[in-house]
Amino acid sequence: MVKIYHNPRCRKSREGLALVRESGKPHEVVLYLDNPLSREELRNLLKMLDISPMALVRKQEAIWKEEYKGKELDDRMIEDALLKHPKLMERPVVTFEGKAVIGRPPKKIGELLN
């Protein structure tokens, strides 16, 4: 089953969801701002993406700039920031068959699902 971590207010996330729906594959929409990830879920997602926690951070978000930018942070501290402020997570993230992509650009979603 396809899983999309979705923020309905984000244009790229809405485009990603449209691609998932167009694929015709069964899917689950995770509204991660309403239901934040657990540490285990976040770590599983990072593993599927094969990236460090920092690579999942939206560095232009005001929260990041105000609270974290310029500080020396280890992976655990960055995970803590993502868990405390789910808005910091890049979006959309789509998982399928043990792999995941950040849907920027959206064509990455199509590549994952094909």
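Within segment 84-99, being farther than 22 Å from R14 by Cα and in contact (Cβ under 8 Å) with a residue 12 or more places away in the chain holds for one residue alone: G98. Of all residues in segment 98-114, those that are more than 14 Å from Y5 (Cα to Cα) and not in a helix (DSSP H, G or I) total 3.
Being over 15 Å from the mean Cα position of the chain (by Cα) and either under 17 Å from L113 (Cα atoms) or in a helix (DSSP H, G or I) (or both) holds for only one residue in E40, E22, and it is E22. Return yes when K107 is exposed (fewer than 11 other Cβ atoms within 10 Å of the Cβ) and out of contact with any Pro (no Cβ under 6 Å at 6 or more places or on another chain) and no when it is not. Considered against the rule, which asks whether it is exposed (fewer than 11 other Cβ atoms within 10 Å of the Cβ) and out of contact with any Pro (no Cβ under 6 Å at 6 or more places or on another chain), K107 comes out as no. Scanning segment 17-37 for residues that are free of Cβ contacts under 8 Å to residues at least 12 places away in the same chain and among the polar types (S, T, N, Q) turns up just one, N35.
Just so you know, all these numbers are worked out from the coordinates, no wet-lab data involved. What you see is a predicted model; the values in this text were computed from it and never measured. Cβ: placed from backbone, ideal geometry, glycine included. Neighbour counts: every protein chain shown.
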